[in-house]
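Some notes on the structure that comes next.
The values are calculated or read from the model by the stated rules, or taken from the named source; none is laboratory data. Computed from a prediction, not measured in an experiment: that's the story for all the values here. Backbone-built Cβ (ideal geometry, glycine too); neighbour counts: all protein chains shown.
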Amino acid sequence: MPGLVGFYTFGEGRENWDASHFIRYGLGALQGRGQESISLATVGPGNTLHTLAGKGGVEDFFEKNKTSIPKGFIGIGQTSSYIDDYLVHVKTPYELVLALDGKTDLHENRREASKLFARQLSQLLHSENEPLKATSMLVNKIGGGYSFVALTHKRALISGRNPLGVKPLETGSVGFDIAAVASETCALDVMGIDHTGPVETGEVIMFTPEDIRGNAPAADAGNFCSYEYVYLARLDSTVNTLPVAKARNSIGRELAKAHPAKANVVIGVPETALPIANGYSQESGLPQEPGFVRTGENIRAALEPTQKERLVGVQLKLNPIKSAIENKDVVLVDDSVVRGNTLRNTVLNLKRNGAHQVHVRIGSPALVSPCPYGVEIPDADELISSSLDEKELANHVAADSVSFMTVEELQRAIGLPRQNLCMRCFENGGAKR
Amino acid sequence: MRIMGVGGGAREHALAWKMSLSDHKPEIFWIAENRNPGIHKICKDNQGELRTGRTTDPKTIVRSSRGWGVDIVVVGPEEPGFNGIPDALEKEGIHCVGASQELSIIERSKADLRRLQWENNLPGKLLFRTFKNAREASDYIRKNIGTQPWLQNIVIKPARQSGGKGVKLIEDRLAHLHENKGRFKEAYFDSLQASMAAYSDIEDKILVEEKAWGPEYSLQCFTDGKTVLGTPLVQDNKSAHEFDSGPETGGMGSISGPDLALPFITRDEYDKSLKIVEGIVEAIQKKTGKSYHGMVGGQMMLTENEGPTIIEMYSRLGDPEALNMLAMLKTDIVDVFQAIIERRLSKLKLEFTNEDAVVVKVVAPNGYPEKKEKAKGHPVQVFETNIKRNGCYLFWGNADLQDNGEAVTGGSRLLALMATDHTLPPASALIEKTMSSIQLTDGWGLYHRSDIGSEQLLAKRWDSAERVRRLYQYREEHGTLGRRMEWIPKVGTIDPSQLLLKEMQGPEKAG
């Protein structure tokens, strides 16, 4: 899953802004969405697109390529969890680069689907004299679930969300000089840019040397990804005007209400589940204690490429604080369960270190289907909840109980109407109960 | 009675409109650089005439007013004042409503305005420093940024009004962006130095001010030199595009009402703002020995250090803010002008409606403000019956009426649409409904800001006002309002305002 940044400047002296510098920190804030592949493109006074792509993470990439980072005062960037997933560069008929989060339905393969989208956009910009209208029609015509940022050699930056609106995209500006778009508001914060609001569903916003212009957004509120609130988005972001931290706290509270447990202490699995555990503690009255200290980088276990690395990742990540769990019954709160490896390691780790009972509470429904819009949720046969029910899973991971939220509970916790939340990964096919 | 107006923008169209409603039934004459279609029509309908000419040339203005035999001249924009039009008229014995050249320094020289405030210890100040050249500015900031942290977050301006040179707002709070922000500051100093080189009459070319944040508003006033009468607050929107993004413009639209203060500004803040403007008028009169009779305005901001604070001064009415104020004005405008001329404003009962909120939205051709050449010369079509049917008002701005009766764009802000209602959002919606009544017949695009007066933008203003208010009221309660204290390791407590005062006194003592 990629994180996107677009950076635009206006006015006199704009050539003194270094777009790559802002993009670097913007992408840095979006690394939680993936950091396997980094790419960026800029355009400066010469109306030439300069691009660079390579392996992540963000800091490594920028340090390693210090001397070859493209210069310019307008630019876009992408950090992606996929291997070799870079900006799509189309040279003719109208030169542009495209960063896209999600998936268009133009092809089975995500990458090919993005390429086809970029080509159609290039064709339209070449042949139509009202580029905004044309792009708006394209976004309404081509299905799937996606957000995108494109940069043309004519210094236009085009950003948009398709009417489904499943993928986030936010706008910001500062002073009279700078405007930006990013997958999450935390990237705007880090770039020192004030958040001005989300790109609405079905909205296209175009930045040109003369103008910033948007089309009329779709009448429908959209179908926002609920997994953003559970796990994907950074805690300090606001997604679709709803603060992620607030959503996670209320998920924890809802979880405590619907799935209580007899225990002495609440422990959250770092990092994403900590605010959920906090909400669980506040609602249940059980004290929350820090349960683990992480060694090394914040590696998102479910997104690791190979099984082996995943195991190492887990062990490095979670060293238990023994005094917090010794001789206690523990509520262990996590955000979701994919293959079950992390959970199994964690529960065993707690018990080996002196915990008595461990009751696992998950701040989302069981994952049972892959995401049609590109979030790395594996196929159903790799999802443990598509074959094991709660009781079987408890036995598998050596927990005394395991409870997931229901779809209704999660929807209530997030607080958006059911029809405006995408919950396909929790539903299609259904969990084994 | 004959009145002559000077200037060809939407503000002047609104002034002419208000004059045409006066019980004095004045004959209305006008001089503008462009043939403003709205002013042209009002003049024709009121036994007068619109003539084009250089509004900054005293000879042109004096000759026309003599030729027409006018009783009062009303100056709209700032440039004629800067060039001494009121002075020239009064020398000839012609009554003029408008700030004279020396008094208009409060607008022309941003540096002199700040000095005036600090010399007289007036409230609503910002820290500032002026520099002779780019090098001096860069060196000073580099050397002192550690001991005077306000130098991180600054506003850079030309020290005096300079053709088309804008304001740069630079926040340098994030360490990882410091290098690029520093480079941007220094490059802009260079660019200012280059454009200011032509002005040999002043020593200081570059002005750096402490950057404040908070909601902005304009307080426009009438004054006869003895009395300053405040009018309803108006908020203009300077960024070209929705939700305050994009380049700086002359103003893309404004809101006011239904009361004297805006929905997010308190009555107490209004009173304080009026005191601040009064203080400036008094101080500049004392300094110059001249009497101020005309319009004056504070472009204000609610700031955490000072509460109501002056960002810049107007030596005239704002454009578009004048439209809001004039729409709310119940008193006969000609009575106001006569009271100013006869120095009896204190006796005048200045009345405003308290029932209507007013929204003004400016329509500009694509290309404005960065590529005005591209924005120029496009023929305009206006469906006046539609506009009237929707209850909206149209004020022409930078448009030029051709001999064939067609109006073409001048490259700057084309016109303004205005609507009133009990609250702001429905007035804003009314204008949105009317926008399609304005078109360019050659297919070139127009734009405006749909967000002005909307619930969403009002909520944002309200929120920012509340945050700033909590801070400045805290300072008020703790006796630290207007003070700026820093504690620097190994140096101790320093007060940048004391440093500033010392620097201001320095050269005087030496001289």
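For beta carbons closer than 8 Å, sequence separation of 6+ or different chains, a first residue in the stretch A:143-169 that is more than 23 Å from A:Ala233 (Cα to Cα) and a second that is of a type in the set (D, E, K, R), the qualifying pairs are A:Gly143/A:Asp105; A:Thr152/A:Glu95; A:His153/A:Glu95. If the condition is being within 26 Å of the chain's Cα centre (by Cα), more than 14 Å from chain A (Cβ to nearest Cβ) and under 30 Å from B:Lys272 (Cα atoms), then the stretch B:125-170 contributes B:Lys125, B:Leu126, B:Leu127, B:Phe128, B:Arg129, B:Thr130, B:Trp150, B:Leu151, B:Ala159, B:Arg160, B:Gln161. In the stretch B:383-405, the condition of being of a type in the set (Val, Ile, Thr), assigned to a strand (DSSP E or B), in the same structural domain as B:Val296 (by TED's automatic domain parsing) and out of contact with any Asp or Glu (no Cβ under 7 Å at 6 or more places or on another chain) is met by no residue. Can you tell me which residue in the stretch A:167-198 is farthest from the other protein chains (Cβ to nearest Cβ), limited to those that are at pLDDT 95 or above and part of a loop (DSSP other than H, G, I, E, B)? Filtering the stretch A:167-198 for residues that are at pLDDT 95 or above and part of a loop (DSSP other than H, G, I, E, B), the one farthest from the other protein chains (Cβ to nearest Cβ) comes out as A:Lys167.
Checking the structure you have, find out if any residue of the stretch B:454-465 is assigned to a strand (DSSP E or B), out of contact with any Lys or Arg (no Cβ under 6 Å at 6 or more places or on another chain), not aromatic (Phe, Trp, Tyr) and not assigned by TED's automatic domain parsing to the domain that holds B:Leu424. The answer is no; no qualifying residue exists. If you go through the stretch A:79-119 and keep only what is β-branched (Val, Ile, Thr) and either surrounded by fewer than 16 Cβ atoms within 10 Å (Cβ to Cβ) or assigned to a helix (DSSP H, G or I) (or both), you end up with A:Ile83, A:Thr92. Against the test of being of a type outside the set (Lys, Arg) and over 21 Å from the mean Cα position of the chain (by Cα), the options A:Ser387, A:Ser336, A:Ser364 yield a single qualifying residue, A:Ser387.
Among the residues of the stretch A:7-63, the ones that are part of a helix (DSSP H, G or I) and surrounded by fewer than 18 Cβ atoms within 10 Å (Cβ to Cβ) come to 4 in all.
Against the criterion of being assigned to a helix (DSSP H, G or I), crowded, with 19+ Cβ neighbours inside 10 Å and modelled with pLDDT under 55, A:Gly313 qualifies. Go through the residues of the stretch B:423-442 one by one and say whether even a single one is over 28 Å from B:Glu370 (Cα atoms), not in a helix (DSSP H, G or I) and not acidic (Asp, Glu). Yes, some residue in the stretch B:423-442 is over 28 Å from B:Glu370 (Cα atoms), not in a helix (DSSP H, G or I) and not acidic (Asp, Glu). Just to be sure, is A:Ala247 buried (at least 21 other Cβ atoms within 10 Å of the Cβ), among the small types (Gly, Ala, Ser) and under 18 Å from A:Met405 (Cβ atoms)? Yes; evaluated as a whole, the condition is true for this residue. Kindly indicate the residue of the stretch B:171-190 that is touching a residue at least 12 places away in the same chain (Cβ under 8 Å) and within 7 Å of chain A (Cβ to nearest Cβ) and also nearest to B:Lys371 (Cα to Cα) among those meeting that condition. Across the stretch B:171-190, the extreme among qualifying residues is B:Tyr188.
Scanning the stretch B:119-146 for residues that are of a type in the set (A, V, I, L, M, F, W, C) and touching a helix residue (DSSP H, G or I) at 6+ places or on another chain (Cβ under 6 Å) yields B:Leu122, B:Leu127, B:Phe128, B:Phe131, B:Ala134, B:Ala137, B:Ile141, B:Ile145. Across the stretch B:398-429, the number of residues qualifying as of a type in the set (Asp, Glu) and either in contact (Cβ under 8 Å) with a residue 40 or more places away in the chain or surrounded by 24 or more Cβ atoms within 10 Å (Cβ to Cβ) (or both) comes to 2. Considering only residues in the stretch B:245-270 that are in contact with a Lys or Arg (Cβ under 8 Å, 6 or more places away or on another chain) and within 14 Å of chain A (Cβ to nearest Cβ), the one that is farthest from B:Met325 (Cα to Cα) turns out to be B:Glu248. Going by what's in this entry, would B:Asn366 be described as buried (at least 17 other Cβ atoms within 10 Å of the Cβ), within 14 Å of chain A (Cβ to nearest Cβ) and polar (S, T, N, Q)? Answer is yes for this residue. Annotation note: of A:Glu63, A:Glu12, A:Glu36, the sole residue that is away from chain B (no Cβ under 11 Å), out of contact with any His (no Cβ under 6 Å at 6 or more places or on another chain) and without any contact (Cβ under 8 Å) to a residue 12 or more places away in the chain is A:Glu63. Residue count for the stretch B:192-203 satisfying the condition of being surrounded by fewer than 19 Cβ atoms within 10 Å (Cβ to Cβ) and either away from chain A (no Cβ under 14 Å) or in contact (Cβ under 8 Å) with a residue 24 or more places away in the chain (or both): 8.
Just to be sure, is B:Gly53 modelled with pLDDT of 95 or more, closer than 19 Å to B:Asp403 by Cβ and of a type outside the set (D, E, K, R)? It is true that B:Gly53 is modelled with pLDDT of 95 or more, closer than 19 Å to B:Asp403 by Cβ and of a type outside the set (D, E, K, R). Residue pairs whose Cβ atoms lie under 8 Å apart, separated by 6 or more positions or on different chains, with the first residue in the stretch A:330-342 and in a helix (DSSP H, G or I) and the second of a type outside the set (Gly, Ala, Ser), are A:Asn341/A:Gln307; A:Asn341/A:Arg310; A:Asn341/A:Leu311; A:Asn341/A:Val314; A:Thr342/A:Val269; A:Thr342/A:Arg310; A:Thr342/A:Val314; A:Thr342/A:Asp334.
Only strands (runs of 3 or more DSSP E) whose full extent lies in the stretch B:195-258 are considered here, and the ones with at least 3 residues that are in contact with a Cys (Cβ under 7 Å, 6 or more places away or on another chain) are B:228-230. Looking only at residues of the stretch A:204-240 that are more than 14 Å from chain B (Cβ to nearest Cβ), touching a Phe, Trp or Tyr at 6+ places or on another chain (Cβ under 9 Å) and assigned to a strand (DSSP E or B), we find that the one that is surrounded by the most Cβ atoms within 10 Å (Cβ to Cβ) is A:Cys225. Going through (1) surrounded by fewer than 24 Cβ atoms within 10 Å (Cβ to Cβ); (2) at negative phi; (3) at pLDDT 95 or above; (4) more than 14 Å from chain A (Cβ to nearest Cβ) one by one, B:Glu216 falls short only on (4).
Within the stretch B:219-244, work out how many residues are surrounded by fewer than 19 Cβ atoms within 10 Å (Cβ to Cβ) and within 14 Å of chain A (Cβ to nearest Cβ). Selection size over the stretch B:219-244: 1.
Counting only residues that are over 25 Å from the mean Cα position of the chain (by Cα) and under 16 Å from A:Arg14 (Cβ atoms), the stretch B:183-205 holds 5 of them.
Any residue that is touching a helix residue (DSSP H, G or I) at 6+ places or on another chain (Cβ under 7 Å) and among the acidic types (Asp, Glu) - is there at least one of those in the stretch B:385-403? Checked the stretch B:385-403: no residue is touching a helix residue (DSSP H, G or I) at 6+ places or on another chain (Cβ under 7 Å) and among the acidic types (Asp, Glu).
A quick yes/no check of all residues on (1) of a type in the set (Val, Ile, Thr); (2) in contact with a Gly (Cβ under 7 Å, 6 or more places away or on another chain); (3) in the same structural domain as B:Gly67 (by TED's automatic domain parsing):
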site	(1), (2), (3)
B:Asn83	no, no, yes
B:Asp87	no, no, yes
B:Gly93	no, no, yes
B:Leu103	no, no, no
B:Ile106	yes, no, no
B:Ser109	no, no, no
B:Leu113	no, no, no
B:Leu122	no, yes, no
